[in-house]
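Asks: Please see the structure below; I have some questions.
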Amino acid sequence: MLARPMSYSPSLTDTADVCPLHRHRILLIEDDLGLAQTITGELTHHGYAATHAADGQGALASVQEASYDLLILDRVLPGIDGITLIQNMRAESIQVPVLMISSLGTVDERIAGLKAGGDDYLAKPFDLNELIARVEALLRRPRETRETVLRAGDLVMDLVDRSVRRRGRVIELLPREFKLLEYLMRRPNRLVTRAMLFEEVWNYRFVPHSNLVDVHIGKLRRKIDVTGEAPLIESVTGSGFILRASGRTSP
Amino acid sequence: MVCAAFAATTLLLFGFIYWQTAGLVSARIDDFIRHEHAALLRETPAVMAADVNTRYADDLHRLSFAAIFAPSGLRVAGGLAALPRNLADDGNLHDIEVLRRGEQGAAPEVARVAADRLADGSVLVVGRSVQDLTDLRSRIGRALWLGLMPALAASLAIGLFASRRTIVRVRAVNRAIARIMQGHLQERLPFRAGGDALDQLAESCNRMLGEIERLLDEVRGVGDGIAHDLRGPLSRLRFRLEVGRARAATQAELDAVVAQGLQDLDQSLATITALLRIGEVQAERRQAAFSHVGLAELLREVAELYAPLAEHRGLTFGLTLGADGEVPADRALLLEAVVNLVDNAVKFAPQSGTVSMALMWEGATPVLRVADSGPGIAPAHRQAALGRFYRAPPSQHVAGTGLGLSLVSAIVRRHGFELRMSDIAGGFAVDIVCTAPSGAMQP
């Protein structure tokens, strides 16, 4: 994901952690009507206000007159192509986050999409859970922390001396495990998929083995939870993981 | 155009010939006059007069002449009717009109003349007709006219004929192109073997068409292959759903059928993704990503990624690093290849077996080895294993697309490296032999 400073509704991101059902406005630009119906249905089911546009021309007008919190943009569209559309929008300083979805899933296409100004790129076919997780990640991007300490429940991560403690107990982590936990702690109470972890923690664009992430998360769990402590990382069957942080996480 | 150029060249040529010849002729005339003049001046007046008269008498061709005139202007000797007016007696050569003796009344002719005043005041005139030059000019002019006109006409005719023939040939080529564009890809452009530039161009185009036809056939073959490979799992899925709808008695049973169906579908989608990935690797577009890749660090990264999974499966995981080395490679691709090999090894290693990675050297060539204690692939099947969708016979129940090794093979070939499979003590090894590239892979 590109680290672009968020310029929109910062207050919403704070309340989002405690109120998952506020209505974010999402515009889906997709010419496949069947797919569009499924996606808007799923977005509505998850509590978003979803609007659909079937072509780039209509979408551009729509984006200009209404304010959306997120665009889900098909890469290949009739009329204006998705890449051109996003370039036009960025040229007009429309900074709304954009999730690109495309059947063009090769590494080069992905790079082209992100270069044009997309914030994330999801290759079709995808899991609806994956889509929702990415939408959430884009809408509630982690605070650009100048904080040097992350907290989730009784777990404390010090980013300066790179140490992790739970209830005073020092937890020794390998560099990759630290990165994995940091990624989860920056997104508490949110679904993080295996593909997201592969892309962000390992920087891989391929998922070699679906079990791999589970094994690494398992190792991490054994280190951070000891007997008598509440498990912090929850598995979501078929989708990914959620780091449960009871209550507010900010200091 | 060609005709005009031809005519201009001819004119230039004739002009040059005239200029050169006329120059030569007038130089000879001048030499002759100077020589005669000097010879006469050396004589005594009496001998000179006699000589002049002899010359007049001898000059049957009426080319050269000499005369002596008294200071009064009366002719003393020689072949001129009168002393030409305005003739400077400075001994230099002048072009002036003269009238010959015995030709009074005729038109005066232009001649090259030198005159000198002698000691007694009389004037010696020596000259020669330049009729030769005039003749030469008119002759060359005539030759030009007679020669150029037919040549121009001929070149015009040849030009018309040649361009007409070219037009006919271009039309034939255009007809062939039109037929190719209509989909007759086996059609070729007409040409004569060993012909001119146009024929060679047509031959090159034909070679290109042959290559395009071959590639299109290949693409068609791949497309057919994919369609065939997907038809199997999709038919299974359809069958499963059909039976599920008809037989499932409870919601739980239906859920199970749907879950199984989704799994089948994911398998098909994974196959498509893997095929696209292989295609992407084969298309040489990412050469720009080549850099010097440290091998030990690459293997350490894969080990860190896979050791937990191997241990989770009760396998012993080993990493042996020889001396570190760098190879020019696309790091992400090479990593993907090694990851696929290790993934296979972890998948196929038997219960409480081992999986190991090693960086070894064969002389100056680094070798990345991924080995496991499994049965490996029988030598007879090794070539086939690199092709698409190969599943080694004893492991067909293991989930996977069967495309891992062909992806590895594509990546290895893309780097100009070599993929090698061998039986080793207590297992099976796949090596990526990082052969030094022959200059092609320089970043």
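The values are calculated or read from the model by the stated rules, or taken from the named source; none is laboratory data. Predicted model, so just to flag it, every value in this text is computed and none were measured. Backbone-built Cβ (ideal geometry, glycine too); neighbour counts: all protein chains shown.
Asks: Looking at (1) exposed (fewer than 15 other Cβ atoms within 10 Å of the Cβ); (2) modelled with pLDDT of 80 or more; (3) in contact with a helix residue (DSSP H, G or I) (Cβ under 8 Å, 6 or more places away or on another chain), which is the only condition B:Thr9 fails?
Replies: The failed condition is (3).
Asks: Could you grab me the full set of residues in region B:344-361 that are in contact with a Gly (Cβ under 8 Å, 6 or more places away or on another chain), within 14 Å of chain A (Cβ to nearest Cβ) and surrounded by 22 or more Cβ atoms within 10 Å (Cβ to Cβ)? Before you say what the answer is, go through the steps one by one.
Replies: First pass over region B:344-361, keeping only residues in contact with a Gly (Cβ under 8 Å, 6 or more places away or on another chain): B:344-345, B:347-361.
With the extra rule that they be within 14 Å of chain A (Cβ to nearest Cβ), the set shrinks to B:344-345, B:347-349, B:355.
B:Asn344, B:Ala345, B:Ala349, B:Val355, listed by residue number.
Asks: For the list (1) surrounded by fewer than 20 Cβ atoms within 10 Å (Cβ to Cβ); (2) within 14 Å of chain A (Cβ to nearest Cβ); (3) touching a helix residue (DSSP H, G or I) at 6+ places or on another chain (Cβ under 6 Å), I need the number of the one condition that B:Leu386 fails.
Replies: Exception for B:Leu386: condition (2).
Asks: Just one of (1) loosely packed, with under 13 Cβ neighbours inside 10 Å; (2) within 9 Å of another protein chain (Cβ to nearest Cβ); (3) not charged (D, E, K, R) trips up B:Thr273, so point out which.
Replies: (1)
Asks: Sort out which residues of region B:389-436 are over 40 Å from the mean Cα position of the chain (by Cα), outside any loop (DSSP other than H, G, I, E, B) and either at pLDDT 70 or above or surrounded by 20 or more Cβ atoms within 10 Å (Cβ to Cβ) (or both), and write them in order of number.
Replies: So the first thing to find is which residues in region B:389-436 are over 40 Å from the mean Cα position of the chain (by Cα), and the list is B:389-404, B:421-431.
From what's left, outside any loop (DSSP other than H, G, I, E, B): B:393-395, B:404, B:421-424, B:427-431.
Matches in region B:389-436: B:Gly404, B:Met421, B:Ser422, B:Asp423, B:Ile424, B:Gly427, B:Phe428, B:Ala429, B:Val430, B:Asp431.
Asks: I would also like to ask the following. Filter region B:25-51 for residues that are of a type in the set (Val, Ile, Thr) and either within 60 Å of the chain's Cα centre (by Cα) or in a strand (DSSP E or B) (or both) and give the result.
Replies: Of everything in region B:25-51, those that are of a type in the set (Val, Ile, Thr) and either within 60 Å of the chain's Cα centre (by Cα) or in a strand (DSSP E or B) (or both) turn out to be B:Val25, B:Ile29.
Asks: Could you tell me which of the residues A:Arg162, A:Arg151, A:Arg140 is touching a helix residue (DSSP H, G or I) at 6+ places or on another chain (Cβ under 9 Å), basic (Lys, Arg) and within 27 Å of A:Ala66 (Cβ to Cβ)? Explain how you work it out, then say what you get.
Replies: On the way: A:Arg162 fails: within 27 Å of A:Ala66 (Cβ to Cβ); A:Arg151 fails: within 27 Å of A:Ala66 (Cβ to Cβ).
Within the list A:Arg162, A:Arg151, A:Arg140, the selection yields A:Arg140.
Asks: Among the residues of region B:236-255, is any within 14 Å of chain A (Cβ to nearest Cβ), surrounded by 13 or more Cβ atoms within 10 Å (Cβ to Cβ), of a type in the set (Gly, Ala, Ser) and in a helix (DSSP H, G or I)?
Replies: Among the residues of region B:236-255, not one is within 14 Å of chain A (Cβ to nearest Cβ), surrounded by 13 or more Cβ atoms within 10 Å (Cβ to Cβ), of a type in the set (Gly, Ala, Ser) and in a helix (DSSP H, G or I), which makes the answer no.
Asks: Of the conditions (1) surrounded by 12 or more Cβ atoms within 10 Å (Cβ to Cβ); (2) not in a helix (DSSP H, G or I), B:Arg192 fails just one. Which one is it?
Replies: The single condition B:Arg192 does not satisfy is (1).
Asks: Next up: Could you tell me whether any residue of region B:315-337 is surrounded by fewer than 13 Cβ atoms within 10 Å (Cβ to Cβ) and within 14 Å of chain A (Cβ to nearest Cβ)?
Replies: No, region B:315-337 contains no residue that is surrounded by fewer than 13 Cβ atoms within 10 Å (Cβ to Cβ) and within 14 Å of chain A (Cβ to nearest Cβ).
Asks: Filter region A:168-205 down to residues that are more than 14 Å from chain B (Cβ to nearest Cβ) and on the phi > 0 side of the Ramachandran plot and give me whichever is surrounded by the most Cβ atoms within 10 Å (Cβ to Cβ).
Replies: Of everything passing the filter in region A:168-205, A:Asn189 is surrounded by the most Cβ atoms within 10 Å (Cβ to Cβ).
Asks: Then there's this: Kindly establish whether B:Leu152 is in a helix (DSSP H, G or I), at pLDDT 90 or above and not assigned by TED's automatic domain parsing to the domain that holds B:Gly15.
Replies: Considered against the rule, which asks whether it is in a helix (DSSP H, G or I), at pLDDT 90 or above and not assigned by TED's automatic domain parsing to the domain that holds B:Gly15, B:Leu152 comes out as no.
Asks: Looking only at region A:213-232, which residues are away from chain B (no Cβ under 14 Å) and either part of a helix (DSSP H, G or I) or out of contact with any Leu (no Cβ under 7 Å at 6 or more places or on another chain) (or both)?
Replies: Matches in region A:213-232: A:Ile224, A:Val226, A:Thr227, A:Gly228, A:Glu229, A:Ala230, A:Pro231.
Asks: Follow-up question, since we're still on this one. Scan region B:302-310 and tell me whether some residue there is within 52 Å of the chain's Cα centre (by Cα), more than 13 Å from chain A (Cβ to nearest Cβ) and either at pLDDT below 90 or within 30 Å of B:Asp431 (Cβ to Cβ) (or both). It would help to see each step written out before you state the result.
Replies: Within region B:302-310, the first condition is being within 52 Å of the chain's Cα centre (by Cα), and the residues that meet it are B:302-306.
Now narrow it down to the ones that are more than 13 Å from chain A (Cβ to nearest Cβ): none.
No, because not a single residue in region B:302-310 is within 52 Å of the chain's Cα centre (by Cα), more than 13 Å from chain A (Cβ to nearest Cβ) and either at pLDDT below 90 or within 30 Å of B:Asp431 (Cβ to Cβ) (or both).
Asks: May I pose another question? List the helices (runs of 4 or more DSSP H) that sit entirely inside region A:78-173 and contain at least 2 residues that are of a type in the set (A, V, I, L, M, F, W, C) and without any contact (Cβ under 8 Å) to a residue 40 or more places away in the chain. Walk me through it before giving the result.
Replies: Working: elements: A:82-91, A:107-116, A:128-139.
By residue number, A:82-91, A:107-116.
Asks: Right, something else. Restricting to region B:318-376, name every residue that is of a type in the set (Gly, Ala, Ser) and more than 17 Å from B:Val433 (Cα to Cα).
Replies: Within region B:318-376, B:Gly318, B:Ala332, B:Ala345, B:Ala349, B:Ser352, B:Gly353, B:Ser373, B:Gly374, B:Gly376 qualify.
Asks: In region A:96-116, which residue that is surrounded by fewer than 21 Cβ atoms within 10 Å (Cβ to Cβ) and within 17 Å of the chain's Cα centre (by Cα) is farthest from the other protein chains (Cβ to nearest Cβ)?
Replies: Result: A:Val96.
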